[in-house]
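Visitor: One structure, as structure tokens, below. Some questions next.
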Amino acid sequence: MLRDQRILVTGATGQVARVLAETLNERNEVVAAARFTNAEAKKALEARGIGTAYLSIGDEDLSTLPDVDYVFHCGANTYPRTTDEALLHNAEGVGFLMKRYRDAKGFLHMSSSSVYRVPAGMREPVREDHDLGGHSAYSPPYAMSKLAGEAVVRFQARALSLPTIITRLDVAYGSQGHGGAPMILYEMMKGGQAYTRAESGETYCSLIHEDDIAAQCENLIERADVPAIVVNLGGDEPTAMGELIAYIESLTGLEMKTETGPEDTWGMKVLDNTLRKELGGPCKVPWKEGVRRALEARYPGAFES
């Protein structure tokens with residue numbers, strides 16, 4: 001574990017990195033960097049003893065950011081409106097950030113499993129050497145920009161001799177941010193929205209709880225290297241979307257409306273975590289336990305008595 005280090009965490013006001021920042025701050029000096037458009041989120045971090053600094057990803061001049069030993073770059077524009085905006089924030093932005101921290105001991109870049117080109121109905125776990133060129137239906141420029149960001153990160157790692165690791169995150173979930181797919185499914189049930197199942201059959205994903213994300217990232221950054229290492233970051237239990245929906249229904253007494261279409265609602269996939277286990281060890285939160293804990297934390301009283 002990292003101890004007595006100065007650490008910068010971007011994206012700490014959101015779903016993925018909030019628990020990471022809090023966990024690292026227990027043994028280190030952590031600074032959360034963001035635009036902090038949500039003043040309450042800034043206050044909540046500072047109340048836990050986490051420092052804050054202004055960062056707008058895509059800015060070239062980052063000289064006001066503090067010097068640190070390690071950088072966890074989890075900040076991203078997940079809903080870019082245009083291709084140019086996506087590339088500025090999710091590709092050029094990380095290049096400037098790595099330039100600022102060229103002397104860091106390690107740099108972790110949080111990418112996305114959306115970079116993979118996975119045909120509909122594919123059941124085999126996706127390895128790091130799988131074909132790239134994915135698509136994110138909810139924001140078409142997003143997956144493209146995350147892949148472009150990886151290219152920038154790989155270049156800067158070599159150009160700057162900066163030990164780097166790229167983690168391709170799958171389905172993150174927990175109590176923070178929007179809570180991830182399980183919490184969105186619960187909200188869909190409450191609102192009477194339908195989930196679309198793929199005509200090709202059941203869809204699977206690699207759910208990973210926020211606690212495991214924090215633990216894995218801390219382990220993985222110590223394996224950062226030049227050239228940059230690329231590793232999948234998903235949970236260890238491949239989970240069928242139908243099973244996840246049924247479990248939430250059993251806990252809450254709600255019912256999910258479903259329909260069938262060419263693709264499912266999110267286009268999920270299962271990641272091959274062989275390399276991640278080798279570098280960072282196994283995950284510790286079983287998905288059913290994690291989903292129950294997250295629902296209890298976010299929606300007190302949601303369960304049937």
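Visitor: Looking for whichever is modelled with pLDDT of 95 or more and over 30 Å from Asp272 (Cβ atoms) here; the options are Arg102, Arg35. Which one fits?
Guide: Numbers: Arg35 fails: modelled with pLDDT of 95 or more.
Going through Arg102, Arg35 in turn, just one is modelled with pLDDT of 95 or more and over 30 Å from Asp272 (Cβ atoms): Arg102.
Visitor: Run down Thr239, Thr203 and say which single residue is of a type in the set (Ser, Thr, Tyr), buried (at least 16 other Cβ atoms within 10 Å of the Cβ), in contact with a Gly (Cβ under 8 Å, 6 or more places away or on another chain) and farther than 30 Å from Phe107 by Cβ.
Guide: Thr203
Visitor: Could you list all residues from the range 157-203 that are over 28 Å from Val285 (Cα atoms) and either in contact with a strand residue (DSSP E or B) (Cβ under 6 Å, 6 or more places away or on another chain) or among the β-branched types (Val, Ile, Thr) (or both)?
Guide: Ala157, Leu162, Pro163, Ala194, Glu199
Visitor: Quick test for you: out of Glu222, Glu243, pick the one residue that is among the acidic types (Asp, Glu) and touching a strand residue (DSSP E or B) at 6+ places or on another chain (Cβ under 8 Å). Show your work before the answer.
Guide: On the way: Glu243 fails: touching a strand residue (DSSP E or B) at 6+ places or on another chain (Cβ under 8 Å).
The conditions single out Glu222.
Visitor: Okay, next question. Which residue pairs have Cβ atoms under 9 Å apart, sit 6 or more places apart or on different chains, and have a first residue in the range 12-38 that is without any contact (Cβ under 8 Å) to a residue 60 or more places away in the chain and farther than 17 Å from Met1 by Cβ and a second that is surrounded by fewer than 24 Cβ atoms within 10 Å (Cβ to Cβ) and among the basic types (Lys, Arg)?
Guide: That search, which allows pairs on different chains as well, returns Thr13/Arg35; Thr13/Lys42; Val31/Arg6; Ala32/Lys42; Ala34/Lys42; Phe36/Lys42.
Visitor: While we're here: Against the condition in a helix (DSSP H, G or I), under 20 Å from Thr78 (Cα atoms) and hydrophobic (A, V, I, L, M, F, W, C), how does Ala148 come out, does it pass?
Guide: On the way: in a helix (DSSP H, G or I): yes; under 20 Å from Thr78 (Cα atoms): yes; hydrophobic (A, V, I, L, M, F, W, C): yes.
Against the criterion (in a helix (DSSP H, G or I), under 20 Å from Thr78 (Cα atoms) and hydrophobic (A, V, I, L, M, F, W, C)), Ala148 qualifies.
Visitor: Within the range 87-113, can you find the residues that are surrounded by 23 or more Cβ atoms within 10 Å (Cβ to Cβ), among the small types (Gly, Ala, Ser) and touching a Gly at 6+ places or on another chain (Cβ under 6 Å)?
Guide: Gly93
Visitor: Do any helices (runs of 4 or more DSSP H) lying entirely in the range 205-305 carry at least 2 residues that are at pLDDT below 95 and within 29 Å of Leu8 (Cα to Cα), and which ones are they?
Guide: Details: elements: 210-221, 241-252, 274-280, 287-298.
Result: 287-298.
Visitor: Right, next: On the basis of being touching a strand residue (DSSP E or B) at 6+ places or on another chain (Cβ under 7 Å) and of a type in the set (Ser, Thr, Tyr), does Thr265 make the cut?
Guide: Working: touching a strand residue (DSSP E or B) at 6+ places or on another chain (Cβ under 7 Å): yes; of a type in the set (Ser, Thr, Tyr): yes.
Answer is yes for this residue.
The values are calculated or read from the model by the stated rules, or taken from the named source; none is laboratory data. In this text the structure is predicted, and so the values were computed from the model without any measurement. Every residue, glycine among them, receives a Cβ derived from its backbone with ideal geometry; neighbour counts consider all protein chains shown.
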